[in-house]
C-alpha cells in the first residue's frame with residue numbers, strides 16, 4: 001500500500017481550513033492526534049483517534065489509509081486468536097476502502113495484491129486453502145496486470161502455481177499452465193526492469209554529458225538499482241530455482257511436441273516454447289529446429305534470427321551463423337532487447353577467443369544500455385587473459401593489468417550494483433601489475449606504454 005502522503009501535514013491543515021470548512025471538527029482534531037502518534041510509532045495510542053476519523057470522515061484525508069495500514073499491521077503482529085483475526089479482516093477491509101475513497105491513488109492490482117499478500121502471510125491463521133490465495137493473486141493479474149508490481153507478490157503468485165501443480169495429477173495440461181504462469185510473471189518483471197533501466201540510462205547519459213544529478217535523482221537511481229537487483233537476482237533467480245527440474249528437456253520436448261500441431265500458428269506459443277527450450281539448453285534436439293523454422297515462417301523477428309544463428313553454429317556453419325546474428329541485431333529496434341542480443345553474441349565471441357570482435361560488441365552494448373556496467377568487466381577480463389600475448393617485455397605484459405583494472409573500475413562508476421565487484425576485480429588486477437619497486441627499477445614512472453596485438457590501447461605507468 002502506498003505510504004507517501006500527497007500533502008504535507010501543514011498543507012493538510014490549510015486545506016482543512018479552506019476546503020473542509022464544514023468538516024466535523026472532531027475529525028480535524030483526531031487526524032492531528034493520530035498522525036502525531038503514528039510518526040512517533042505509538043500505534044496503540046493512535047488506534048482510537050484513527051478509528052474515529054475513519055468511521056466518521058472516511059474520505060477526509062488519505063492519511064486514514066496510509067497510516068491505518070501501519071496501525072493495523074502493528075495490531076496484527078501483537079495480538080493472537082480471535083482478536084488477531086479481527087484485525088486481519090479489518091485490514092482487508094481497509095485495503096478495499098482505500099480504493100473506494102481515494103481511487104486515483106490506489107491501483108486495482110495494488111489493492112488486490114496487498115490483500116493476497118496478507119492472506120498468504122496469515123494463511124494458517126485464516127485456514128485459507130492455497131487455491132483460494134492463488135485465485136486472489138490471479139484476479140489481480142487478470143484484471144490489472146500492468147499494475148501488479150509487488151516483487152513479493154509476483155514470486156508468491158508463481159510459487160503457488162508450482163505448488164498447485166505438484167499437488168495435482170501433473171498432466172501435460174497442468175505443466176503447460178505452470179510454464180505459462182512462469183512466462184506471465186517473467187514478462188511483468190521484464191517490463192518492470194525495462195522501465196527502471198530506461199530511467200537509469202537517462203541518468204547515465206546526463207552524467208556522461210557532464211551534468212550532475214540532483215539529490216532526488218541520486219535517490220531514485222539508488223532505488224532503481226536496488227529494485228532491479230532484487231528482481232533479477234532474488235525474484236527471477238528464485239523462480240528458476242523453484243521451477244528446477246520441472247522444466248528440463250525431458251519434460252519440455254514431449255510436451256511441446258504433443259501440442260505443436262494445435263499451436264503451430266500461435267506466435268505467442270511458438271515464441272515462448274522456443275525461448276524455454278533455448279533457456280534450458282535443449283537446442284540440440286531436432287524439435288528445437290522445427291520450432292525455430294516454424295516461428296520464422298509465421299513471424300520472423302530478431303529472436304528467431306538469433307536462434308537460427310545458434311542452430312547454424314551448432315552445425316559448424318559459422319559464416320551463416322554470423323549472418324543470422326547480424327540479422328537479429330538489425331531486426332531488433334528496442335534498445336534494451338537489442339542490448340540483450342548484443343550481449344549474447346558478444347559472449348559467444350568472448351568464449352571463442354574472438355576478443356576484438358567481442359570488445360566492439362560490448363562497446364555497442366554500452367551505448368544501448370549505458371547504466372549496465374557488465375560489458376566493462378567482460379572487456380577487462382579479456383585484457384587480463386591476453387596479458388601474456390600482448391606485451392613485448394615482462395614489464396609490458398604485466399602492464400596490461402593496469403589497463404584491465406582501469407576498465408573494471410568503469411563498471412562500478414556507471415553501475416552501482418557492480419560497485420563492490422568492480423572494486424574487488426580491479427584490486428586483483430592491480431596486484432598482478434608491476435609493483436612500485438619494478439617501476440623504480442625501470443625509471444619509467446609516468447611513461448606511456450603502447451599495448452599491441454588485438455588490444456591496441458595505451459596505458460600510463462603510475463607515478464611513484
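Answer yes or no as to whether residue 406 is within 27 Å of residue 213 (Cα to Cα), assigned by TED's automatic domain parsing to the domain that holds residue 460 and surrounded by 21 or more Cβ atoms within 10 Å (Cβ to Cβ). I'd like the intermediate steps shown before the answer.
On the way: within 27 Å of residue 213 (Cα to Cα): yes; assigned by TED's automatic domain parsing to the domain that holds residue 460: yes; surrounded by 21 or more Cβ atoms within 10 Å (Cβ to Cβ): no.
No.
Which count do you get for residues in the range 383-418 that are over 22 Å from residue 462 (Cβ atoms) and touching a helix residue (DSSP H, G or I) at 6+ places or on another chain (Cβ under 7 Å)?
Total satisfying the criteria: 4.
Assess whether residue 82 counts as being free of Cβ contacts under 8 Å to residues at least 12 places away in the same chain, closer than 12 Å to residue 115 by Cα and in a helix (DSSP H, G or I). Steps first, answer last, please.
Working: free of Cβ contacts under 8 Å to residues at least 12 places away in the same chain: yes; closer than 12 Å to residue 115 by Cα: no; in a helix (DSSP H, G or I): yes.
No; evaluated as a whole, the condition is false for this residue.
Taking residue 424 as the residue in question, decide whether it is closer than 19 Å to residue 375 by Cβ and in the same structural domain as residue 457 (by TED's automatic domain parsing). Please lay out each step first, then the result.
Values: closer than 19 Å to residue 375 by Cβ: yes; in the same structural domain as residue 457 (by TED's automatic domain parsing): yes.
Against the criterion (closer than 19 Å to residue 375 by Cβ and in the same structural domain as residue 457 (by TED's automatic domain parsing)), residue 424 qualifies.
Take residue 166 and tell me if it is surrounded by 13 or more Cβ atoms within 10 Å (Cβ to Cβ) and part of a helix (DSSP H, G or I).
Numbers: surrounded by 13 or more Cβ atoms within 10 Å (Cβ to Cβ): no; part of a helix (DSSP H, G or I): yes.
In short, no.
Just to be sure before I move on: is residue 98 part of a helix (DSSP H, G or I), over 30 Å from residue 221 (Cβ atoms), touching a residue at least 12 places away in the same chain (Cβ under 8 Å) and in contact with a helix residue (DSSP H, G or I) (Cβ under 8 Å, 6 or more places away or on another chain) in the structure I sent? Spell out the reasoning first.
Numbers: part of a helix (DSSP H, G or I): yes; over 30 Å from residue 221 (Cβ atoms): no; touching a residue at least 12 places away in the same chain (Cβ under 8 Å): yes; in contact with a helix residue (DSSP H, G or I) (Cβ under 8 Å, 6 or more places away or on another chain): yes.
So residue 98 fails the test.
State all residues of the range 127-156 that are crowded, with 18+ Cβ neighbours inside 10 Å, in a helix (DSSP H, G or I) and in contact with a helix residue (DSSP H, G or I) (Cβ under 6 Å, 6 or more places away or on another chain); if no residue qualifies, say none.
Matches in the range 127-156: 133, 134, 136, 137, 140, 153, 154, 155, 156.
Quick test of your reading of the structure: residue 60 fulfils all but one of (1) at pLDDT below 95; (2) surrounded by 21 or more Cβ atoms within 10 Å (Cβ to Cβ). Name the failing condition by number.
It fails just one condition, (2).
The values are calculated or read from the model by the stated rules, or taken from the named source; none is laboratory data. Worth saying up front: this structure is predicted, and the values here are computed from it rather than measured. Quick reminder, even Gly has a Cβ in these numbers, built from the backbone with ideal geometry, and neighbours come from all protein chains shown.
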